[in-house]
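What follows is calculated from the coordinates using simple rules that are stated; it is not laboratory data. Note that the structure is predicted; figures quoted are calculated from it, not measured. Reconstructed Cβ throughout: ideal geometry from the backbone, glycine too, with neighbour counts over all protein chains shown.
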Amino acid sequence: MKIAVLGAGGVGRGIGGILAAAGHEVVYGVRAPKNGEMSFADAVSDAAVVLLAVPYSAAEPVIAAAGDLTGKVLIDATNAVDMGDEGPRIALKPGQSAGENIATWAEAADVYKSFNQVGVEVLAEPDSFGGAKPFMLIAGPDGESRSIAEQVVSDAGFDPQYLGSIRQSHLLEAFAMIWINLAGTGRTGRDWALVRHHMETDQ
């Protein structure tokens, strides 16, 4: 599957490298291409999946520059974060979510929220949890494209869990703020994630 990663920072390169190792054709779209990178539009042109891995503040112009997204699966990995004096917080008005805003800006695509709930350290090395896959929520349309989004998350080394429509993005973004606050304030390191373990019950 051809996957266009928009953004070549730690998040984009971390996820993209693992997806390439899993057998996907991965290309990178950036504002000023060099060293094999492409423009946003060229990267997206014949890709089936688009991973949005730029800061939320850059998302709207990057989506506009990407051009036609009709029929593509777009996975939004952004968080709208305000690094205030009292610690990180969501930088949106109540009732808004980054995922829903991006779904509006990229209305021709099937937009899913995921990869936003842990930091780049975990995204780049999800195989560092003793054989268990880190838990990763997904929100977006419950249609044919859902299986594609879930496959990409799984191939990137995570344990995908579908939560519901893109309207549930605010829950993923609030969930992400727990990780961001704990890691950003030094209460934990940046090398942790949640892993799904079911109860052992007597038969």
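Data table
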quantity: Relative contact order (percent, whole number), region 2-184, Cα cutoff 8 Å, 6+ residue spacing; calculated: 21
quantity: Unit charges at the beta carbon, dipole of region 2-184: most positive-side option, 111, 30, 162; calculated: 30
quantity: Lysine pair number, Cα distance threshold 30 Å (strictly under), region 2-184, separation 8 or more or different chains; calculated: 11
quantity: Mean separation of Cα contacts under 8 Å, 6 or more apart, over the residue count of region 1-76: relative contact order %; calculated: 35
quantity: Residue 64 paired with residue 104, simple spin-label distance in nm, labels 7 Å along Cα-to-beta-carbon; calculated: 1.5
quantity: Peptides ranked, highest mean first, by Cβ atoms within 10 Å: ranges 87-97, 48-58, 145-155, 106-116; calculated: 106-116, 48-58, 145-155, 87-97
quantity: Size of charge dipole - the chain - debye, nearest 20, with Cβ of Lys, Arg +1 and Asp, Glu -1, no other charges; calculated: 320
quantity: Residue 182 versus residue 83: modelled label distance in nm, points set 7 Å from Cα along the beta carbon direction; calculated: 2.1
quantity: Region 4-129 pair-distance distribution - Cα-Cα, 10 Å bins, rounded %; calculated: 13, 45, 33, 9, 0
quantity: q = 0.23 Å⁻¹, region 1-54: log10 I(q)/I(0) [Debye, one scatterer per Cα]; calculated: -0.76
quantity: Restricting region 1-73 to trypsin sites (Lys or Arg not before Pro) in coil, as DSSP defines it, with at most 11 other Cβ within 10 Å; calculated: 34
quantity: Residues 197, 24 arranged by fewest to most Cβ contacts within 10 Å; calculated: 197, 24
quantity: Share, in percent, of DSSP beta bridges within region 2-184 that are antiparallel, nearest 5; calculated: 20
